[in-house]
1. Give the shape of segment A:179-276 as rounded, prolate or oblate, defined through the alpha-carbon gyration tensor: a ≥ b ≥ c are the square roots of its eigenvalues, a/c under 1.5 means rounded, and otherwise the shape is prolate if a/b is larger than b/c and oblate if not.
2. Estimate the FRET efficiency between A:HIS160 and A:ASN108 by the formula 1/(1 + (r/R0)^6), using the beta-carbon distance for r and 22 Å for R0, to the nearest 0.05.
3. Determine the dipole magnitude for segment A:158-285: charges of +1 sit on the beta-carbon of Lys and Arg, -1 on that of Asp and Glu, nothing else is charged, the reference point is the Cα centre, and the result goes in debye to the nearest 20.
4. State the Cα centre-to-centre distance between segment A:223-285 and segment A:5-20 in whole Å.
5. Using the crude model of +1 on Lys and Arg Cβ and -1 on Asp and Glu Cβ, and no other charge, please compute the dipole size for the protein assembly as shown relative to its Cα centre, in debye to 20.
6. Taking springs between alpha-carbon atoms closer than 10 angstrom, which of A:ALA23, A:ALA116, A:ALA260 fluctuates most in the Gaussian network model of chain A?
7. Which of A:ASN250, A:ASN159, A:ASN122 moves most in a GNM of chain A, Cα contacts under 10 Å?
8. Chains A and B: buried accessible surface, both sides, probe 1.4 Å, rounded to 100 Å²?
Amino acid sequence: MKNNPQYVFFIGKGGTGKSTVSALTALKLSHEQKILLVSMDPAHNQSDIFQTTLSDKPTEINKNLLVIEINTEKWIKNYLHEIEDSVRRNYLYLSAFNLEKNFNIIKNSPGLEEYALLLAFNKVREIYSTKDHIIFDMPPTALTTRFFSLPPLSLLWNNHLIKLRDEIIKKKELITKIKFNKKEYESDKVLKKLQQQQSFYTDVKNIFTDINTTSINLVLNPDKLSMEESKRIIEKFREINIQTDNIIINKSVDESLSTAIKEKFRDIKSKIFPLSKTPLIGIESLKSYLLNNNL
Amino acid sequence: MKYFFKKILKQISEKSKLFNEVARSKAMELSEQELSELEHTFAILTFGAFVGLPSPPGQITLDLLPESEKEIMLLLQKTDTAHEPLSVLASLFQVD
């Protein structure tokens, strides 16, 4: 029986080379396995690296490697559109409820960007479940941290709202019992929706915290700023029970410095990616880099 | 005669000043009530988190929106009657 794919995330401070490291890893693994590389970073460097136009439809790089780009704005737009459609279908009395005006403001609300990425993640894993690995080139730290924190935060709220809704339903049942001398069981659509949300966030949270399913790879450069931010990322992830599996010391020039960094993060496996003398643009230069550095 | 008309005009002027003051006072009361409700609404929206009324993440409320027509109607009703809290209270206690 085919297992689900392994989800490999490359995270880190902006400019550390997450996109390049993701591309190199995807290319290396595609020698023997079926790989999907997903660009979640709005900067979308993968099209520059592979020198090809990418989109939300898969582009074949080689027979085992597909690449897609997630357009966050499009995902937010589609999500709000779906909500608007559902409201128009379901509302009986408030058909003139002006959603468009509200959505023009809501689409820029805090939280929607990371939720759009979460929806995209869920869709990708549904569609590409036959892949061996799905590699995610993540946005810089702030958005990535919010992405991974969203499921546990949403579950806190969701559990609270479900408790409140249960109490409302009990009161309703009591009132109908007093009024009509019998309990009227009416399925509560809001409660059903809350339970669906609970199931979704629980699933995603479990995927992120399962070390057999998810691998978190922190890319850093051998400089103080990068190292300090990396320490904060590891700590933040620990708070939400997500383990950092690997540290990638990218653009390494001084081997002794890289060894010192490895020592600093001794609890976590690390790998050194030396600085390339030539720009890593195009499949041939990526392949050449992998060959020359025994990666 | 002149004196009589002067007296009447004076009385009319005093009466109209009185009506004016009463009308101003009522208008002021209404405005103060409206102001109070507006300040109340503003405080709940911005500082609700500090008094036990925090807001959930946006996508949680958006996901629930299609199933929540009744809740939205309740809120709209509340904002409509926010200007007349005394009449709502009176109706609750069936005061005529």
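The values are calculated or read from the model by the stated rules, or taken from the named source; none is laboratory data. Treat the numbers as computed from the prediction; the structure is a model and nothing was measured. Reconstructed Cβ throughout: ideal geometry from the backbone, glycine too, with neighbour counts over all protein chains shown. Side chains are part of the model used for accessible areas, which takes the heavy atoms of the whole protein and leaves out ligands, DNA and RNA. Shrake-Rupley method; radii C 1.70, N 1.55, O 1.52, S 1.80 Å.
1. The shape class here is prolate.
2. Computed FRET efficiency for A:HIS160 and A:ASN108 comes out at 0.25.
3. 920
4. Between the Cα centres of segment A:223-285 and segment A:5-20 lies a distance of 11 Å.
5. For this selection, approximately 660 debye.
6. A:ALA260
7. Of A:ASN250, A:ASN159, A:ASN122, the Gaussian network model singles out A:ASN159 as fluctuating most.
8. The contact between B and A buries close to 2200 Å².
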